[in-house]
Amino acid sequence: MKITRLKKVRQLKKKTQDEVAKQAKITTRSYRYYESGERVPDVITAQRIALALGTTVEKLFPYKA
């Protein structure tokens, strides 16, 4: 199982997937897809997740050229 940056940050912040999803105004199922790397959130959703975790989009979802 791949540990994503998103999961690492969430665990460091001591938040559950449900808590982050609720704060980001998305479903827990969607959040799980993003955290597992199965899907990539759109820009607005990524901003909401970053805000819920108190970090930046760039730190959660680094750009790969």
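The values are calculated or read from the model by the stated rules, or taken from the named source; none is laboratory data. Predicted model only: the values in this text are computed from it and were never measured. Heads up, the Cβs are rebuilt from the backbone with ideal geometry, glycines too, and the neighbour counts pull from every protein chain shown.
At least 3 residues being touching a helix residue (DSSP H, G or I) at 6+ places or on another chain (Cβ under 7 Å) and of a type in the set (Lys, Arg) is the threshold, and among the helices (runs of 4 or more DSSP H) wholly inside the chain those reaching it are 5-12. For segment 40-65, taking the residues that are modelled with pLDDT of 95 or more and among the small types (Gly, Ala, Ser), the one that is farthest from the chain's Cα centre (by Cα) is identified as Gly54.
Within segment 10-21, restricting attention to residues that are out of contact with any Asp or Glu (no Cβ under 8 Å at 6 or more places or on another chain) and surrounded by 15 or more Cβ atoms within 10 Å (Cβ to Cβ), the residue that is nearest to Ala52 (Cα to Cα) is Val20.
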